[in-house]
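A.B. asks: My questions all concern the structure below.
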Amino acid sequence: MMGHMLKYSFLLISALFLAACSSTQPSYKYVNTAKPSSKTPGRVNNTPAPRPTRSSSKKPILKPNYPVYEVRKGDTLSSISRRSGLTVAQIQRYNNLKSTRLEIDQRLYLPGVYKLSKAKVNPPPMSYPVSKNISVIPRSRWAKYKVKGNVTPMGKVTKITIHHTDDGPKLSKMSDVKFLQGMESHHRNNRKWACIGYHYIIGRDGTIYEGRPAAYQGAHARSNNQNNIGISLIGDFNKAYPAKSQLTSLTALLSNLRSKHKISAKSVVGHRHLNQTECPGKYLASWINSYRASR
Ligand SMILES: [Zn+2]
């Protein structure tokens, strides 16, 4: 009975944390699409892009099984940028666009964006008080386990990557500390990592927790973990902005880390800049774009 219950709760925990932020998206190939599809324009759809053709048309590069937006009348690159949380430059880069001109029915690959918001994704005000003094709850105060030996020392930090935990529905009934402990169990036991993959986690009340000690390379952005500090905010920021207290803590933590490692605001990226993922959600991605542009 006990064994059964244990197994059951293990499965539950696994299911909950498997949903957590990851970059485990299917692999893909670049293809050239021949024609726009007959799907309703102006809607993001998840249907696979057409099979690769041999035609050497100059159509944008699309990727199959990934969110594709079909341009409709009145759309501009900047309106799509505001509604998707991606920058104009990102949309141009992902779609191999040399100019800002768009054609109706043109298909745009918008990584991590499964639905364009109706209204502009307004970034929240950026005038948060910036303090380099932060208080961080050490992992000894929340973690149940020591860090295992399979770690790589962190090299010179050149980048900071922001994530969301993309919590399951059960998070509402759980404290942040319980959530962290569950996530660490999942990272240790299922993924066989040394400990939780992120270096810092910002709770729903703005508390900053130490995750993986910063002396070690993290496990948060596939193939991009070298020299890269990972910060994750608890929540799903495809639905709404993080709480003001979370953004205040994030701003202070970024100031502190940037000053310590002498890196610019441009070195702060969202996970979706690096891997095929929706993380950290369009609202937080939009905040990051403003942060990078304003400093
Ligand atoms: Zn992520």
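Values in this text are rule-based calculations from the coordinates and carry no lab data. Keep in mind that what you see is a predicted model, and the values were worked out from it rather than measured. All Cβ positions, glycine included, derive from the backbone under ideal geometry; neighbour counts span all protein chains shown.
A.B. asks: Any chance you could count how many residues in the stretch 182-199 are crowded, with 24+ Cβ neighbours inside 10 Å and not in a loop (DSSP other than H, G, I, E, B)? Please lay out each step first, then the result.
C.D. replies: Within the stretch 182-199, the subset crowded, with 24+ Cβ neighbours inside 10 Å is 183-184, 196-199.
Add one more test, that the residue is not in a loop (DSSP other than H, G, I, E, B), and what stays is 183-184.
Total satisfying the criteria: 2.
A.B. asks: Here's another thing I want to ask about it. Could you count how many residues in the stretch 220-237 are within 16 Å of the ligand (Cβ to nearest atom), part of a loop (DSSP other than H, G, I, E, B) and in contact with a strand residue (DSSP E or B) (Cβ under 8 Å, 6 or more places away or on another chain)?
C.D. replies: Going through the stretch 220-237 one residue at a time, the tally reaches 7.
A.B. asks: What number of residues within the stretch 156-201 satisfy the criterion of being of a type in the set (Val, Ile, Thr) and over 23 Å from Gly270 (Cα atoms)? Before you say what the answer is, go through the steps one by one.
C.D. replies: Let us first name the residues in the stretch 156-201 that are of a type in the set (Val, Ile, Thr), namely 157-158, 160-162, 165, 177, 196, 201.
Those left that are additionally over 23 Å from Gly270 (Cα atoms): 177.
Residues that pass the stated criteria total 1.
A.B. asks: What are the residues in the stretch 163-183 that are within 16 Å of the ligand (Cβ to nearest atom) and among the charged types (D, E, K, R), if any?
C.D. replies: Asp166, Asp167
A.B. asks: Can I ask one more? Count, please, the residues in the stretch 207-233 that happen to be without any contact (Cβ under 8 Å) to a residue 60 or more places away in the chain and over 18 Å from Met183 (Cα atoms).
C.D. replies: Residues flagged as without any contact (Cβ under 8 Å) to a residue 60 or more places away in the chain and over 18 Å from Met183 (Cα atoms) within the stretch 207-233 amount to 2.
A.B. asks: So is Ala214 away from the ligand (no atom under 16 Å from the Cβ), in contact with a strand residue (DSSP E or B) (Cβ under 8 Å, 6 or more places away or on another chain) and assigned to a loop (DSSP other than H, G, I, E, B) or not? If you could, list the steps in order and put the result at the bottom.
C.D. replies: On the way: away from the ligand (no atom under 16 Å from the Cβ): yes; in contact with a strand residue (DSSP E or B) (Cβ under 8 Å, 6 or more places away or on another chain): yes; assigned to a loop (DSSP other than H, G, I, E, B): yes.
Yes; evaluated as a whole, the condition is true for this residue.
A.B. asks: Taking into account only those residues within the stretch 252-284 that are hydroxyl-bearing (Ser, Thr, Tyr) and surrounded by fewer than 19 Cβ atoms within 10 Å (Cβ to Cβ), which is farthest from the ligand (Cβ to nearest atom)?
C.D. replies: Taking the stretch 252-284 first, the residues hydroxyl-bearing (Ser, Thr, Tyr) are 255, 259, 264, 267, 277, 283.
Now restrict to residues that are surrounded by fewer than 19 Cβ atoms within 10 Å (Cβ to Cβ): 255, 259, 264.
Numbers: Ser255: 21, Ser259: 24, Ser264: 21 Å.
The qualifying residue farthest from the ligand (Cβ to nearest atom) is Ser259.
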